[in-house]
Amino acid sequence: MPIRQRSTRPGGRRLIVVEPFLEWHEQAACCDEPSELFYGPEGESQHERLAREARALAVCNQCPVRTPCQKHALKRPESYGVWGGTTESSRSAARRSGTEAPRRKQVVAVE
């Protein structure tokens, strides 16, 4: 795989990184979503976080590249945000327990 500079865009995040190009980024359901959906603001309450994560996870559930995104988040590791249908806490728990794919109970979005 060639090395190429690209902009990562989960949820619209625009950070320049240099790593092997990952084609799945271009196909991700979150590309055109606002980054605030996937990354919580400072001081976010637990209720607000759970509601935001539920909305973000709903996007992930419809994503055609959820599996490679999740593998990327666990391998890199991505410490912040919702990636591949996983949350910060579920990835952290998976790393601590040594499991490959974090499991998260289904959360319903509250408007």
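Within the range 78-97, how many residues turn out to be in contact with a Cys (Cβ under 7 Å, 6 or more places away or on another chain) and part of a loop (DSSP other than H, G, I, E, B)?
Selection size over the range 78-97: 3.
Scan the range 66-77 and give yes if some residue there is part of a helix (DSSP H, G or I) and either modelled with pLDDT of 95 or more or among the β-branched types (V, I, T) (or both), otherwise no.
yes
If you go through the range 47-93, how many residues are in contact with a helix residue (DSSP H, G or I) (Cβ under 9 Å, 6 or more places away or on another chain) and among the hydrophobic types (A, V, I, L, M, F, W, C)?
10
So which pairs qualify, if the first residue must be in the range 35-62 and closer than 11 Å to G85 by Cβ, the second must be crowded, with 17+ Cβ neighbours inside 10 Å and of a type in the set (F, W, Y), the Cβ gap must be under 6 Å, and the two must be at least 6 apart or on different chains?
Within 6 Å, the pairs are A56/F38.
The values are calculated or read from the model by the stated rules, or taken from the named source; none is laboratory data. None of the values given here were measured: they were computed from a predicted structure. Using ideal geometry, Cβ is built from the backbone for each residue, glycine included, and neighbour counts are taken over all protein chains shown.
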